[in-house]
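The values are calculated or read from the model by the stated rules, or taken from the named source; none is laboratory data. Because the structure is predicted, anything quoted here is derived from the model rather than measured. So basically every Cβ, Gly included, is an ideal-geometry build from the backbone, and we count neighbours across all protein chains shown. When the accessible area is computed, the model is the full protein with side chains, heavy atoms only, and any ligands, DNA or RNA have been set aside. Shrake-Rupley method; radii C 1.70, N 1.55, O 1.52, S 1.80 Å.
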Amino acid sequence: MWRYRKDGEESPYIPMGPFKLRLPFIHYKFEWPDYVQGLLMCAVDLAAIPLMIELLGMPFEVALAVVLLNGILYLTHHLLGDPVVPGWITPAIPLIMAYVSAFPEGPERVHALVAFQLTLGLLSILLGVTGLAKKVVTFVPPAIKSGVILGAGFAAIISVFQVGGRFESFPWTISIAVGIAFYIIFSQHFNQLKAKSALWGLIGKLGIFPIIILAVIIAPLFGEAPWPTIEWGLISPDFGTLWSEYTIFGLDFPPAMLFVTALPTVLAAYIVLFGDVLQSKALIDEADDVRRDEKIDYNPNRAHMVFGGRNTIMSILGPDVTMAGPLWAAMQVVVIERFKEGKKAMHSIFGGSGSFRWGTNTGLLLLPIVSLVQPILGIALALTLLIQGYVSARVGILESRSHRDLGIAGVIGAVLATKGATWAFAVGILLCLLIYGKKFFIGENDEIFTKDLENKDAKKIS
């Protein structure tokens, strides 16, 4: 059916209420370049394993089962009409880590994670079904929104560099890998290189995967990790232990009070998550402007229902510290850039995003890939958190609209990173009331980020 799409129309689909079912080879062309890249990039998905080992005491094979379940649910986005490459709620991971760590390791900690993820899932579904998602976030004052995102960035960086953090275990590897990663991802000089050379362009499109492969080599050279022992065959995830010791099937349902306790951190995570929804829409709109031959329907409410459903299912079948997020920004950009090259490069955006996620799921099953990156999964996670910390700090600051907003946001961010979301919201509400009074929800806009531009323009005119 995909061959008969007329220019300007959507890719064919089967209507299912708010969803649009698309199957590979039938409704979209399978894109082998994206599939192959997915085979390799599954290494990033595997970086969630050390988190679950550290926080929940999961054996490796049990954590692998959680990653595999999450991988299967990644497919639901493009299958149900959401044209994105989904991923974790990466900026919120440090907040969730801090929240979960406040409970004793064992059943109590698992119950806290289940309650958190289930609450977030049901909230997202509710907001998607009612269409209230955008209104909830616009209801939050800019200073508080800025502080929450900024605090998520602080927490991400602190989690790596704090006493006993991952930097102490892998100082040389993290220093070298992060330096190269920041150069490749954020450097103006590397952007110029990408424009001049196809090789540098390819490296740039692979995101952090080349850095992970580099870490596989660097870490053993500095004695910070063993050389990988490549094993052949398929993985052996332990679903039995997962369901008997880490889910409601073996531990019963969490106490009701845990759902109440989780609410402030859930709200903080949702504010961060909604930023990813806005980013998804911006990226899709950009692609839609370039490729007039395919109409792309991105619906934030449908996205909420899909990732809300993923979180709800994972909270029951395999609680996951990384949560189910609406976007893997780095890979979404990679897919969209190839999509922009035209129909010959990628027939449909659903083919690109879907084939990539079919690829990551295949890679997760292959023991050679899993065993290759297993020794440096902690480094991969540290790398992910530091990159996310940089992005969250930048985005969080830009949410502020005045000098006063920035001051409030800085305090909220520091409190969030050190005392948690409950304290942060309390401090944020109090500061906004004291500083803005009746303008609590509006705040002020002193055009702080445009003053330099205005002064520069004025000098040119004079």
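Among the residues of the range 397-423, those that are of a type in the set (D, E, K, R) and either touching a helix residue (DSSP H, G or I) at 6+ places or on another chain (Cβ under 6 Å) or closer than 18 Å to residue 275 by Cα (or both) comprise 399, 401, 404, 405. Only one entry in 278, 221, 283, 234 is surrounded by 17 or more Cβ atoms within 10 Å (Cβ to Cβ) and either at pLDDT 85 or above or not acidic (Asp, Glu) (or both), namely 283. Evaluation of residue 114 against the conditions (1) under 18 Å from residue 274 (Cα atoms); (2) of a type outside the set (Ser, Thr, Tyr); (3) crowded, with 22+ Cβ neighbours inside 10 Å shows that the sole unmet condition is (1). In the range 329-343, the residue that is modelled with the lowest pLDDT out of those that are under 17 Å from residue 11 (Cβ atoms) and part of a helix (DSSP H, G or I) is 338.
Every condition in (1) closer than 30 Å to residue 408 by Cα; (2) under 22 Å from the mean Cα position of the chain (by Cα); (3) not basic (Lys, Arg) holds for residue 114 except the one numbered (1). From the list 294, 341, 245, the one residue that fits, being surrounded by fewer than 17 Cβ atoms within 10 Å (Cβ to Cβ) and not aliphatic (A, V, I, L, M), is 341.
Condition first: open to solvent by 20 Å² or more (accessible area, probe 1.4 Å) and within 19 Å of the chain's Cα centre (by Cα). Now tell me which residues in the range 135-148 satisfy that. The one that is open to solvent by 20 Å² or more (accessible area, probe 1.4 Å) and within 19 Å of the chain's Cα centre (by Cα): 145. Filtering 49, 72 for residues that are open to solvent by 30 Å² or more (accessible area, probe 1.4 Å), among the hydrophobic types (A, V, I, L, M, F, W, C) and at negative phi leaves a single hit, 72. Residue count for the range 13-37 under the criterion of being touching a strand residue (DSSP E or B) at 6+ places or on another chain (Cβ under 8 Å), surrounded by 15 or more Cβ atoms within 10 Å (Cβ to Cβ) and over 19 Å from residue 360 (Cβ atoms): the result is 3.
Only helices (runs of 4 or more DSSP H) whose full extent lies in the range 66-177 are considered here, and the ones with at least 3 residues that are in contact (Cβ under 8 Å) with a residue 12 or more places away in the chain and closer than 21 Å to residue 44 by Cβ are 76-79, 93-101, 142-161, 166-169.
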